[in-house]
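The values are calculated or read from the model by the stated rules, or taken from the named source; none is laboratory data. Predicted, not measured: the structure shown is a model, and the values here were computed from it. Cβ atoms come from the backbone with ideal geometry, glycine included; neighbour counts cover every protein chain shown. Ligands, DNA and RNA are stripped out before the accessible areas are found, and what is left, the full protein with its side chains, is counted by its heavy atoms. Shrake-Rupley method; radii C 1.70, N 1.55, O 1.52, S 1.80 Å.
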Amino acid sequence: MAHVVLEARLAEAGLDDRVTVDSSGTGDWHVGRPMDSRAAGTLSAAGYDPSRHRARQYDASLAETYDLVLAMDHDNLADLGGRSSRVALFRDLDPVGTGDDVPDPYYGGPDGFADVLTMVERACDALVTALGRVLDAGTP
């Protein structure tokens with residue numbers, strides 16, 4: 001969900017030609033498959049297009065490939081080797097619940113997906129604002 005929302009927010013801000021978004025999971029159980037239908041439905045209902053997203057597994061080399069790798073929760077952060085200059089939590093910039101986990105709505109009902117979308121949109125807005133400032137200043 002975060003990948004789809006972040007790409008949309010970057011496009012709206014005119015930054016999509018300057019920022020590459022990629023996403024992956026720490027496990028391999030969904031590789032190659034589209035996202036959960038409930039997540040896709042929540043995104044579609046909110047005006048996003050989730051149809052292109054396919055799951056892939058994280059590779060440790062990505063931490064050196066990308067300027068920033070964001071983990072959705074503390075367990076994922078540990079799987080990535082912990083915080084570093086390039087690895088942080090997705091909600092570190094969220095003005096509500098800064099540094100908290102994004103809960104996994106997989107085992108809950110549809111309200112969980114809507115709640116996660118609200119968190120993701122809020123954090124993406126903050127992230128896009130921060131990226132715009134960094135890119136405008138010309139610093140990596």
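Which residue is farthest from LEU135 (Cα to Cα), if the candidates are limited to segment 53-83 and must be touching a Pro at 6+ places or on another chain (Cβ under 8 Å) and open to solvent by 60 Å² or more (accessible area, probe 1.4 Å)? The selected residue is ARG54. List the residue pairs whose Cβ atoms are under 8 Å apart, where the first residue sits in segment 96-122 and is on the phi > 0 side of the Ramachandran plot, the second is not aromatic (Phe, Trp, Tyr) and not in a loop (DSSP other than H, G, I, E, B), and the two are 6 or more positions apart or on different chains. Pairs found: GLY97/ARG91; GLY97/MET119; GLY99/LEU89; GLY99/ARG91; GLY99/ASP92. Report yes if some residue within segment 6-13 is at pLDDT 85 or above, of a type in the set (Gly, Ala, Ser) and farther than 21 Å from ALA130 by Cβ; otherwise report no. No, that holds for no residue. Counting only helices (runs of 4 or more DSSP H) wholly contained in segment 19-132, the ones carrying 3 or more residues that are closer than 18 Å to ARG9 by Cα and not basic (Lys, Arg) occupy 37-45.
Within segment 114-138, count every residue that is open to solvent by less than 30 Å² (accessible area, probe 1.4 Å) and under 14 Å from the mean Cα position of the chain (by Cα).
Within segment 114-138, residues that are open to solvent by less than 30 Å² (accessible area, probe 1.4 Å) and under 14 Å from the mean Cα position of the chain (by Cα) number 8.
Here the condition is being surrounded by 14 or more Cβ atoms within 10 Å (Cβ to Cβ) and either among the aliphatic types (A, V, I, L, M) or modelled with pLDDT under 95 (or both); of ARG33, ARG86, it holds for ARG86 alone.
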